[in-house]
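Data block below; observations after.
The values are calculated or read from the model by the stated rules, or taken from the named source; none is laboratory data. In this text, all values refer to a predicted model and were calculated from it rather than measured experimentally. All Cβ positions, glycine included, derive from the backbone under ideal geometry; neighbour counts span all protein chains shown.
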Amino acid sequence: MRQSCKINVRLRPQAKRNAVSIDPDGNAAVTVTSPPVDGKANAHAIKLLAKTLGIPKSSCTITKGHTSRNKVIAIQGIDEATAARAIREKAS
């Protein structure tokens, strides 16, 4: 059986740098330099999150919040605990 999880993400477009971290609420916080135009920030967020987790971009899908800063992203091939651990390690 393939592992999967859904994580809550707060996206901050047009930031000064790209970063993935865990916010005080326990959700993933993704900041990207891309503008929120034509899905550029979403695509950049997926790419950055996949790189942080060490999985292919095709394993990450936005399931909720395509036009919102608050998103739910489904991730295939990794469980929630492993995803949170990977994000914390990259953030520190």
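Values computed for the structure shown
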{"read-out": "Filter result for Thr82 (of a type in the set (Ser, Thr, Tyr), on the phi < 0 side of the Ramachandran plot and at pLDDT 95 or above)", "value": "no"}
{"read-out": "Test: Ile46 is in a helix (DSSP H, G or I), under 9 Å from the mean Cα position of the chain (by Cα) and in contact (Cβ under 8 Å) with a residue 24 or more places away in the chain", "value": "yes"}
{"read-out": "Filter result for the condition that a residue is outside any helix (DSSP H, G or I), touching a Cys at 6+ places or on another chain (Cβ under 6 Å) and surrounded by 14 or more Cβ atoms within 10 Å (Cβ to Cβ), over Ile7, Ile75, Ile62, Ile55", "value": "Ile75"}
{"read-out": "Condition check for Arg2: assigned to a loop (DSSP other than H, G, I, E, B) and modelled with pLDDT under 95", "value": "yes"}
{"read-out": "Only one of Val20, Val30 that is surrounded by 13 or more Cβ atoms within 10 Å (Cβ to Cβ), within 12 Å of Asn8 (Cβ to Cβ) and within 9 Å of the chain's Cα centre (by Cα)", "value": "Val30"}
{"read-out": "Condition check for Ser68: more than 9 Å from the chain's Cα centre (by Cα), hydroxyl-bearing (Ser, Thr, Tyr) and part of a helix (DSSP H, G or I)", "value": "no"}
{"read-out": "Some residue of segment 15-36 being of a type in the set (A, V, I, L, M) and either in contact with a His (Cβ under 8 Å, 6 or more places away or on another chain) or assigned to a helix (DSSP H, G or I) (or both)", "value": "yes"}
